[in-house]
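A quick write-up on the structure given underneath.
Each reported figure results from applying straightforward, stated rules to the coordinates on display, with no laboratory input. In this text the structure is predicted, and so the values were computed from the model without any measurement. Heads up, the Cβs are rebuilt from the backbone with ideal geometry, glycines too, and the neighbour counts pull from every protein chain shown.
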Amino acid sequence: MKKNNTQVEHPEYYNKHPSGIECIDVVEWYNFNVGNVIKYLWRMGLKDENPPLQDLKKAKFYLDREIARLEKL
C-alpha cells in the first residue's frame, strides 16, 4: 500500500495548535470564506515559513470577501 504524503495530507503544523484539535475539524462546518478566516487565525505563526502578519492579512482578505458577499444579499 502506498504511504500517504504527510506534507499534503497531514503536515506537522496541523496539530501544533494548543488545543490539539485539527483546524479542518472545525472549518468544514463553515462556508469557504469564513473557513479560511478561521484557518489562517488558527494556524497563525505555526507554519515556519509564514510570518504571523502574513496570516493575519490572509484572514483579513477572506473576511473582507465574506463581508462584501453578505452586503450584496
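Once you keep just the Cα pairs under 8 angstrom separated by 6 or more residues, what percentage relative contact order results for the chain?
25
Across bins of 5 angstrom width beginning at 0, how are the C-alpha pair distances of segment 6-72 distributed, in whole percent?
3, 18, 24, 25, 19, 6, 4, 1
Let me check I've understood the local charge: for Lys16, count other residues with C-beta under 11 angstrom from its C-beta, Lys and Arg +1, Asp and Glu -1. What total comes out?
-1
Once phi is turned into θ = phi - 60°, what whole-Hz ³J(HN,Hα) does the Karplus curve with 6.51, -1.76 and 1.60 give for every residue of segment 42-51, x standing for Gly and Pro?
Here the 3J(HN,Hα) series is 4, 9, 3, x, 8, 8, 4, 7, 10, x Hz.
For segment 15-73, state which GluC sites (Glu not before Pro) are in a DSSP loop and have at most 10 other beta carbons lying within 10 Å of their beta carbon.
Glu28, Glu49
Determine, from the Cβ-Cβ distance of Leu41 and Lys72 and an R0 of 30 Å, the FRET efficiency 1/(1 + (r/R0)^6), rounded to the nearest 0.05.
Efficiency, from the Cβ-Cβ distance: 0.80.
Describe numerically, in nm with one decimal, the distance between label points set 7 Å from Cα along Cα→Cβ at Thr6 and at Ile24.
Output for this residue pair reads 1.5 nm.
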